[in-house]
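Asks: What follows is a single structure, and I will ask about it in a moment.
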């Protein structure tokens with residue numbers, strides 16, 4: 001049945017006993033669907049592609065007379081039909097959008113198919129924290145293809161009010177997930193990445209280097225904590241003081257050795273805590289790490305670091321023994337808190353010891369390529385496998401750097417290496 005769809009025809013529609021479509025006399029494909037219950041909805045029908053009777057019709061609802069006037073519905077129908085003539089299939093696009101992955105689905109695929117498969121476990125754990133604590137609660141139920149730049153910008157801004165660095169990491173993670181989704185087919189081809197073009201918060205790079213006087217205090221604090229123990233300091237919330245014999249805290253030789261190795265080598269924390277005796281070559285003064293943040297790595301040991309390893313008791317397979325001889329020590333939080341507080345270096349991070357190693361090397365006149373090799377920076381990754389073949393200049397650099405630090409800490413004089 002055909003009618004001129006307008007305000008007057010809407011009020012004069014006959015009652016129907018089954019769903020009926022009244023097609024518009026002026027715009028082919030535009031219609032009004034009426035049901036026996038009295039419900040009305042504007043629809044548009046078309047044949048996608050080249051058209052013809054061999055192609056099944058598509059039908060999609062535009063709206064109802066409650067939210068659209070006949071003129072507004074006609075204009076929308078005209079726009080949809082114009083897109084069809086250009087080769088689009090609006091009904092299929094709407095159907096695909098409804099079936100599309102949510103942001104939560106995309107993130108799950110990204111974490112399982114990319115991050116956990118190609119990144120280290122610690123990285124995956126960190127990223128999962130960003131997903132669970134920030135992205136999922138705000139955007140998880142949204143359809144991934146419909147997420148806009150404005151949506152992500154609001155999240156980025158909200159997190160950045162208190163944690164700008166975290167906000168930048170979350171933004172980067174969302175962007176990486178969408179790049180992965182486009183490449184892997186989880187998202188429609190050609191979909192723009194909604195995380196692109198968002199300005200990041202400025203990050204203040206924290207560079208903390210120890211002075212000679214600070215190194216001396218640190219060395220004294222480590223020796224004290226390792227031997228006689230650091231005196232107990234009353235805490236404001238403490239109700240009871242420990243017994244007299246328990247009023248000092250001793251960190252033990254392995255925790256002390258870990259701190260010294262971090263200082264004397266510039267190594268990362270996990271590189272030292274995960275170090276096994278099988279990785280140590282004392283005659284050649286090298287550590288062969290099977291894995292690190294930048295992959296396989298060789299560390300050239302200076303005299304100070306060699307002395308630490310030569311005098312350290314071997315307990316189990318790990319150099320830095322913990323409570324379980326078959327597992328690496330989890331962290332150095334307690335001994336570091338004790339030593340750094342005793343040395344009046346509150347707020348100093350363990351990673352700052354790595355910065356200090358580099359700064360002493362730079363101050364001693366060694367070039368950045370040499371320091372980069374000693375630290376195992378990723379831009380020197382391709383040459384790390386040959387480090388032990390050309391270790392003489394590196395050893396001189398390592399000897400000088402660790403020796404200068406050792407002297408500043410007041411460590412005993414060390415033997416020369418040939």
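The values are calculated or read from the model by the stated rules, or taken from the named source; none is laboratory data. All of these numbers come straight from a predicted model, not from anything done at the bench. Neighbour counts are summed over all protein chains in view; Cβ atoms, including those assigned to glycine, are modelled from backbone coordinates with ideal geometry.
Asks: Out of 334, 314, which single residue is assigned by TED's automatic domain parsing to the domain that holds residue 302, outside any helix (DSSP H, G or I), over 16 Å from residue 300 (Cβ atoms) and modelled with pLDDT of 85 or more?
Replies: Numbers: 334 fails: outside any helix (DSSP H, G or I).
Testing whether each residue is assigned by TED's automatic domain parsing to the domain that holds residue 302, outside any helix (DSSP H, G or I), over 16 Å from residue 300 (Cβ atoms) and modelled with pLDDT of 85 or more leaves just 314.
Asks: If you don't mind, there's one more thing I want to ask. If I ask for residues that are in contact with a helix residue (DSSP H, G or I) (Cβ under 7 Å, 6 or more places away or on another chain) and either surrounded by fewer than 14 Cβ atoms within 10 Å (Cβ to Cβ) or touching a residue at least 40 places away in the same chain (Cβ under 8 Å) (or both), which ones from the stretch 155-175 would you list? Can you show your working first?
Replies: Going through the stretch 155-175, the residues in contact with a helix residue (DSSP H, G or I) (Cβ under 7 Å, 6 or more places away or on another chain) turn out to be 155-156, 159-160, 166-167, 169-171, 173-174.
Selection gives 156, 160, 170, 173.
Asks: Residue under question is residue 277, and the condition is that it be at pLDDT 95 or above, surrounded by fewer than 16 Cβ atoms within 10 Å (Cβ to Cβ) and farther than 22 Å from residue 375 by Cβ; does it hold?
Replies: Details: at pLDDT 95 or above: yes; surrounded by fewer than 16 Cβ atoms within 10 Å (Cβ to Cβ): yes; farther than 22 Å from residue 375 by Cβ: yes.
So residue 277 passes the test.
Asks: Which count do you get for residues in the stretch 194-231 that are on the phi < 0 side of the Ramachandran plot and touching a strand residue (DSSP E or B) at 6+ places or on another chain (Cβ under 9 Å)? Lay out the reasoning, then the answer.
Replies: Of the stretch 194-231, the ones on the phi < 0 side of the Ramachandran plot are 194-196, 198-228, 230-231.
If we keep only those that are touching a strand residue (DSSP E or B) at 6+ places or on another chain (Cβ under 9 Å) as well, we get 221, 224-225, 228, 230-231.
Number of matching residues: 6.
Asks: Evaluate the stretch 147-170: report whether one residue or more is under 29 Å from residue 59 (Cα atoms), at pLDDT below 95 and over 17 Å from the mean Cα position of the chain (by Cα). Outline the logic, then answer.
Replies: Taking the stretch 147-170 and keeping what is under 29 Å from residue 59 (Cα atoms), we get 147-148.
Right, trim to at pLDDT below 95 and you get 147.
From what is left, the residues that are over 17 Å from the mean Cα position of the chain (by Cα) are 147.
For the stretch 147-170, residues under 29 Å from residue 59 (Cα atoms), at pLDDT below 95 and over 17 Å from the mean Cα position of the chain (by Cα): present.
Asks: Does residue 222 qualify as being under 22 Å from the mean Cα position of the chain (by Cα) and either at pLDDT below 90 or surrounded by 18 or more Cβ atoms within 10 Å (Cβ to Cβ) (or both)? Outline the logic, then answer.
Replies: Numbers: under 22 Å from the mean Cα position of the chain (by Cα): no; either at pLDDT below 90 or surrounded by 18 or more Cβ atoms within 10 Å (Cβ to Cβ) (or both): yes.
Answer is no for this residue.
Asks: Would a scan of the stretch 60-69 turn up a residue that is touching a residue at least 40 places away in the same chain (Cβ under 8 Å), on the phi < 0 side of the Ramachandran plot and either touching a strand residue (DSSP E or B) at 6+ places or on another chain (Cβ under 6 Å) or not assigned by TED's automatic domain parsing to the domain that holds residue 171 (or both)? Give the steps one after another, and end with the answer.
Replies: Of the residues in the stretch 60-69, the ones touching a residue at least 40 places away in the same chain (Cβ under 8 Å) are 65, 69.
Within this subset, residues satisfying the condition of being on the phi < 0 side of the Ramachandran plot are 65, 69.
Add one more test, that the residue is either touching a strand residue (DSSP E or B) at 6+ places or on another chain (Cβ under 6 Å) or not assigned by TED's automatic domain parsing to the domain that holds residue 171 (or both), and what stays is 65, 69.
Yes: one or more hits.
Asks: Can you pull out the residues in the stretch 318-331 that are at pLDDT 95 or above and part of a loop (DSSP other than H, G, I, E, B)? So that I can check it myself, show each step before the final result.
Replies: Initially, the stretch 318-331 is screened for residues at pLDDT 95 or above, giving 318-320.
Residues satisfying the conditions are 319, 320.
Asks: Further question: Which of the residues belonging to the stretch 24-53 are loosely packed, with under 14 Cβ neighbours inside 10 Å and either under 16 Å from residue 89 (Cβ atoms) or outside the structural domain of residue 88 (by TED's automatic domain parsing) (or both)?
Replies: Hits for the stretch 24-53 are 49, 50, 51, 52.
Asks: Here is a follow-up. Counting just the residues of the stretch 94-135 that are touching a strand residue (DSSP E or B) at 6+ places or on another chain (Cβ under 7 Å) and in a helix (DSSP H, G or I), which one comes out modelled with the lowest pLDDT?
Replies: Taking the stretch 94-135 as the starting set, the residues that turn out to be touching a strand residue (DSSP E or B) at 6+ places or on another chain (Cβ under 7 Å) are 94, 97, 100, 102.
If we keep only those that are in a helix (DSSP H, G or I) too, we end up with 94, 97.
Working: 94: 80, 97: 67.
Among residues in the stretch 94-135 that are touching a strand residue (DSSP E or B) at 6+ places or on another chain (Cβ under 7 Å) and in a helix (DSSP H, G or I), the one modelled with the lowest pLDDT is 97.
Asks: Give me the pairs, please: first residue somewhere in the stretch 91-106 and under 26 Å from residue 29 (Cα atoms), second residue anywhere and modelled with pLDDT of 80 or more, beta-carbon distance under 6 Å, and either six or more positions apart or on two chains.
Replies: That search, which allows pairs on different chains as well, returns 91/58; 91/60.
Asks: Out of curiosity, is residue 290 exposed (fewer than 15 other Cβ atoms within 10 Å of the Cβ), farther than 21 Å from residue 355 by Cβ, assigned by TED's automatic domain parsing to the domain that holds residue 360 and touching a helix residue (DSSP H, G or I) at 6+ places or on another chain (Cβ under 8 Å)?
Replies: Values: exposed (fewer than 15 other Cβ atoms within 10 Å of the Cβ): yes; farther than 21 Å from residue 355 by Cβ: yes; assigned by TED's automatic domain parsing to the domain that holds residue 360: yes; touching a helix residue (DSSP H, G or I) at 6+ places or on another chain (Cβ under 8 Å): yes.
Yes; evaluated as a whole, the condition is true for this residue.
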